[in-house]
Every structure is written in C-alpha cells, then in structure tokens.
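The values are calculated or read from the model by the stated rules, or taken from the named source; none is laboratory data. Just so you know, these numbers come straight off a predicted model, no measurement behind them. For neighbour counting, all protein chains shown are included, and Cβ atoms are generated from backbone atoms with ideal geometry for every residue, glycine included. Note: areas computed on protein heavy atoms with side chains; ligands, DNA, RNA excluded. Shrake-Rupley method; radii C 1.70, N 1.55, O 1.52, S 1.80 Å.
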Amino acid sequence: MKIIIDAGHGPETPGKRSPDGRLREFHFNSAVAEAVKKRLVLDGHSVIFSHQKEADVPLHERTHLANRLKAELFISIHANAFGSAFNSSCGIECFTYTKPSAAAKTLAASLQNALVLATGRPDRGVKRADFAVLRDTSMPAVLIECGFMTNRIELELLKSENYRNSCAGAIVFAINCYQTALHSRRKA
C-alpha cells in the first residue's frame, strides 16, 4: 500500500508550540512520523513524507504530492492545542473531511480506537472538518490529534519517547487493520 505520512505543520510554523515554548508541535509530529514510516516499511508498505525537516511545506504542495503519486492513504499527524495558555483540554481525536468517504470513516474509527487504547488518553471521538489536507486529497485521509500541548500532563507525554512510540504503534496497527479489512471486503 502506498501511504503518505504528513507531520502536520512545519518546524517554523508560528504559534504551533506549547505555552512554555518547550515543545514545538513539529518535533512531536515528525518523531512519530519517522517511527510510523519505519514500522510500515517493515510491513511492506511504501511510505512517502509530505513534509520536510528543514522547511515548512505549503498545504497545497502536500496534497498535490499525494494526489500526483496516487497514494492510497493520507495520514496527517498532529499535537493539539486549545488557546495559548495551559488548561484542562485533553484527549485523542481524529478528523475526516466534512463529507467523508466510507473508507475514510472506517480508517478514522480504526485510528481513533487504536490511539485511545494504546495511550489511555480520553476519547474525544472522530470529528469532521474542512481542513485542506482532508478536503484536497483524492484518497482516504485522516488528521490525527495525539494529545494537547496546552495540557501540562499531555505535554509531558508528547515529549516522551515512550508516548511517541505508543502513538506510532497504534497508527501502524490501525493502518494494517484497515488494509486487512479492505482486502477481506474485496475477496467477498
């Protein structure tokens, strides 16, 4: 399966950091993306990054790449935030486009369930949004929020290698479950 992994935002995207400045969202996103790629490649998938470590890649370039390469899945990895100060917002949520395909809904549900089980964080559910990476891609696309940088407890988790590995493992597990279900439906 050809999969685009997107470490949401870029290293210099303004405002995408914890209130205390100790974590830039891209550092979490890219670390999880690297771990996901390594595991998916071992499982026989072809994985392409839509982001770069050195520069912010515009959203239209990310979606254009995915469409041009005819990727089968687009997964955008993020750390969430609510406001600009620490607060009690917490948990895992996944987003599909406002008018998702059945495949996108299935993939999002699989990712949401796997992430909640692997991390033990509150389940905020699967939601719909008009995000460019969901709207402008022609394959099933899901945007994942792995916890809040504006929550002190989750910030510490987002900075930890164990939590990042738990998120990566859950994402890979969900993708492999999705692929297995897809093949089973095609054979039936």
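Things worth noting here:
- Hits in the range 32-72 - residues which are touching a Cys at 6+ places or on another chain (Cβ under 9 Å) and of a type in the set (Gly, Ala, Ser): ALA35
- Scanning the range 44-81 for residues that are of a type in the set (Val, Ile, Thr) and not in a loop (DSSP other than H, G, I, E, B), we see that the one that is nearest to GLY147 (Cα to Cα) is ILE77.
- Among the residues listed as LYS127, LYS105, the single one being among the charged types (D, E, K, R) and assigned to a helix (DSSP H, G or I): LYS105
- In the condition set (1) within 23 Å of ARG22 (Cα to Cα); (2) surrounded by fewer than 24 Cβ atoms within 10 Å (Cβ to Cβ); (3) in contact (Cβ under 8 Å) with a residue 60 or more places away in the chain, LYS70 is compliant with all but (1).
- Among the residues of the range 138-188, those that are open to solvent by less than 10 Å² (accessible area, probe 1.4 Å) and among the small types (Gly, Ala, Ser) comprise ALA141, GLY147, ALA168, ALA170, ALA174.
- On the stretch given as the range 95-115, residues that are open to solvent by 30 Å² or more (accessible area, probe 1.4 Å) and of a type in the set (Val, Ile, Thr) total 2.
- LYS16 fulfils the conditions (1) in contact with a Lys or Arg (Cβ under 7 Å, 6 or more places away or on another chain); (2) open to solvent by 20 Å² or more (accessible area, probe 1.4 Å); (3) at pLDDT 95 or above except for a single criterion, (3).
- Near pairs, Cβ below 7 angstrom, 6+ apart or cross-chain, from the range 8-37 (over 15 Å from ALA85 (Cα atoms) and part of a loop (DSSP other than H, G, I, E, B)) to any residue that is open to solvent by less than 60 Å² (accessible area, probe 1.4 Å) and at pLDDT below 90: GLY10/ALA55
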